[in-house]
1. Among the residues of the range 73-110, how many are surrounded by 15 or more Cβ atoms within 10 Å (Cβ to Cβ) and under 19 Å from the mean Cα position of the chain (by Cα)?
2. Do you know which residues across the range 115-135 are among the hydrophobic types (A, V, I, L, M, F, W, C) and modelled with pLDDT of 85 or more?
3. Can you go through 130, 81, 63 and tell me which one is among the charged types (D, E, K, R) and more than 21 Å from residue 174 (Cβ to Cβ)?
4. Residues in the range 15-24: is at least one within 19 Å of the chain's Cα centre (by Cα) and of a type in the set (Gly, Ala, Ser)?
5. Pairs only if they're at least six apart or on different chains, beta carbon under 9 angstrom, first in the range 79-96 and β-branched (Val, Ile, Thr), second surrounded by 15 or more Cβ atoms within 10 Å (Cβ to Cβ); list them, first residue then second.
Amino acid sequence: MQLTCYHVCKNEGSPEFIKKNAPFISKGANRWLGEGAYLWTDSDMWARFWNKTAYDSLGIIIKFMVDIPDEEVLDLVGNVKQQIEFYEAWYDVSKKLKRNIKNISAYIMFLRELNEDDGESFTYAAIRAKDNPRIDLNKEFSVKKINFIPKKLHEDNDSVPYSTFMERHQICVFPEFKARYVRFEKFTYPSTFGYTVTREGVR
């Protein structure tokens, strides 16, 4: 799986330091796919959104290439078979433990802890997933939807089938695989970050 990705970080340290260490490992409480390097995939749209909301547009946006063998990616965006297997395994584990593991992050961290002991519970290098935030057609940064058919042709107007666009796709690369599969491309925001500005222009 080859993906063009974008990472957002604080504007702290020299360009050389950021280039060497980014993408940075997320260790916060809201790491929704577990501990790892988080990157927005395919477009910088959601990276710009995150920079605006999390860093007041003062952060750095960096373009990376992520190249991971397909069998090492748990793809919860583009692989329905893996979606089914993931959900069924989550349900079975919750049942065996006699407690509901209520979120994806907790389940992934549980599996990775098991994998440290047995080496086979969770062998993936990364997870690709999306969330489903509120849809707002009037905002620049929002998931959009278009109905497949007119409402009048559907028996229940409240459940007309639709497709979503501009979805929030991310890939989380686990720390031990970052150096192997993630490659720096360039700084994309601010446009002059990492360059020297002279009278002749930017170099």
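1. Matching residues across the range 73-110 total 14.
2. The answer is 122, 125, 126, 127, 129.
3. 81
4. Within the range 15-24, one or more residues are within 19 Å of the chain's Cα centre (by Cα) and of a type in the set (Gly, Ala, Ser).
5. Short answer, once both residue conditions are applied: 93/101; 93/107; 93/110; 93/111.
The values are calculated or read from the model by the stated rules, or taken from the named source; none is laboratory data. Bear in mind the structure is a predicted one, so any value in this text is a computation, not a measurement. All Cβ positions, even for glycine, are placed from backbone atoms using ideal geometry, and neighbour counts span all protein chains on display.
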